[in-house]
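Right, one structure below, let's go through it.
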Amino acid sequence: MGLFGLTEKERKLLSRLDPGTPVKVCFPKTYEAFQSKVEKIGSDAIYISAPKAGNAFLEIEKGTRLKLELEVYRRSVARMSFQTRVIDHNWAQGETVKLCLPRKLLLRESRRYYRIEVALPAEFILVEDKNNRSRDVTAPYFTGTIKNISESGALIQVEKLMSIEQGALLNLQVRLKDKQLLKIRAGVLHIHPVQGKFGIGVQFLFMNSNGRGQLREYISLQRKQIPDF
């Protein structure tokens, strides 16, 4: 067991959470839940943005017990949750809430496919917005970097926030090793800031059988090179 009762695997997963990672903040006593995001993971505490109810920040008393739920993109783990309590609520520094480090993590795999961390060049174009309005398919492609990928989806990192919203459809091109080029129709699931950049989570909706086979083979080869925790 590691610090605060966490295993080594759990400690590493917690320490690698990126600032900007979306968090669901649950109040067990009232069964209420609000959205927030990770600000930073310290050596003795976790800092999150103060949750909002409408346009107003929630005032959370010291000692309040909370449950946090968040998505993680580390190998096969898909969702993390844990119990914590409020140490401090600092209104003077960007409305941040300081929380105790957890003593135990609940890790749940909700994905059917194995996800790996990568750094692959990608290009994409918006072909349909969230209101099902078609866009000009002759428009130039945007560029980004695939940060993690599975047979069912990926996380694309881009430098600037674009006019793309949840529910939009993209034509995506991903270049694998040996100049293999995958052409994929993808749907946008979520968009969130990550370390000064932006992450676009997408689900693969259509890919021809040849491309899917290439992606499966690529992921299989990369898995063999990933050491266990």
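Values for this structure:
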item	result
Spacing of the two label points (7 Å from each Cα toward its C-beta) at Glu69 and Lys29, in nm	2.1 nm
Ranking of Asp178, Asp18, Asp88 by count of other Cβ atoms within 10 Å, fewest first	Asp178, Asp88, Asp18
Rg over Rh, two decimals, the range 3-108 (C-alpha only, Kirkwood Rh)	0.94
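Quick note: the coordinates plus some simple rules give every number you see, no bench work behind them. Please read these numbers as outputs of a predicted model, since none were measured by experiment. We place every Cβ from the backbone using ideal geometry, glycine too, and count neighbours over all the protein chains shown.
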